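Computed from the coordinates by the stated procedures, all read-outs in this text should not be read as laboratory data. What you see is a predicted model, and the numbers here were worked out from it, not measured in a lab. For neighbour counting, all protein chains shown are included, and Cβ atoms are generated from backbone atoms with ideal geometry for every residue, glycine included.
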Amino acid sequence: MKPTKDSSNETQLKWWRSPGVIYFLAAGNPPSAIKIGVTTRATLLDRMRKTQTHNHEPIELLGVIRFDEGEFPTRDAEDQERLLHLRFAHLLRFKPGTRGSEWFSISAELLDWIGSTAITPEVLGVQRFVCTPVNRDMAS
């Protein structure tokens, strides 16, 4: 992963100036993978919905790390996300730099790290799920 470059693009600067979050989304029940991603605080719910739309398993928000300080909070979040991807590279499910390279295999190490570092969706005032799973065995 390449480090964040400086930019004079006004759209990029607006994005970077926004409060940001690193989010941890679990796919499946029980979870089989965790997505480590970054977005602005204002677009977190939309990001969850889009991820759910493109996934056949329930998506659960496990937690977030907030970035509210400094001139470019979301750029700071991008930099920290990059470091997390390196830290947990041994759990990557796809080749770095390709589509899907934000997905990591479930491990006690990663779950423990999220549990001790991230704040819960409830603290942030965000829902944990954006879908309503159906138990097919009970539907008949």
Computed from every Cα-Cα pair in the chain, P(r) in 10 Å bins starting at 0 and rounded to whole percents is 11, 40, 35, 11, 2, 0
Estimated 222 nm signal from helices in the chain, with DSSP H stretches of n ≥ 4 weighted -39500 (n - 2.57), rounded to 500 | -10000 deg cm²/dmol
Acute angle (nearest 10 degrees) that the helix 44-53 long axis makes with the longest principal axis of the chain, alpha-carbon atoms | 50 degrees
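If you put +1 on each Lys and Arg Cβ and -1 on each Asp and Glu Cβ, how big is the dipole of the chain around its Cα centre, in Debye rounded to 20?
About 440 debye.
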Just going by the charge dipole of the range 20-124, with Lys and Arg at +1 and Asp and Glu at -1 on Cβ, which of I106, T53, I119 is farthest out on the positive end?
-> T53
Reduced to Cα centres, the span from the range 77-113 to the range 16-46 in Å works out to 12 Å
Computed label-point distance, nm, for sites H90 and C131 using a 7 Å Cα→Cβ extension = 3.1 nm
